[in-house]
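Read the figures in this text as sums done on the coordinates, not as results from a lab. Keep in mind the model is a prediction, meaning the values are calculated, not measured. Note that each Cβ is placed from the backbone with ideal geometry, even for glycine, and that neighbours are counted across all protein chains shown.
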């Protein structure tokens, strides 16, 4: 059986080829989360969902990079369509942890449903949201 990449997967892999891959973690029961370093920014590209079974992987990746001195984090939601309450909780928790270390956490590539969720819960005021294609966090990253 031949495993073919669809257009989105191919674009994602091409974007990764120009970055330093730090870690690829199999989110428990789902797509892998890929962490890459772009200059001094850690880009965390999540899988299809940020739910209870995957939130530990995200937390561990951020803590590992904080321990190595990283200060700027961007979480890319371009492949993510759903976040449950545990996913929201881990975003709040790591945001607080990153800020307590003098760092910055931003989110990018939110679809309309996720954008609405962050607005309705007022988390868009706590978590920085970067519009696709902008460079607010200090590094170029894929749209």
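Descriptive notes on the structure:
- On the stretch given as region 69-105, residues that are surrounded by fewer than 22 Cβ atoms within 10 Å (Cβ to Cβ), in contact (Cβ under 8 Å) with a residue 40 or more places away in the chain and under 16 Å from residue 39 (Cα atoms) total 1.
- Qualifying positions in region 29-51 - surrounded by 15 or more Cβ atoms within 10 Å (Cβ to Cβ) and assigned to a loop (DSSP other than H, G, I, E, B): 30, 31, 46, 47, 51
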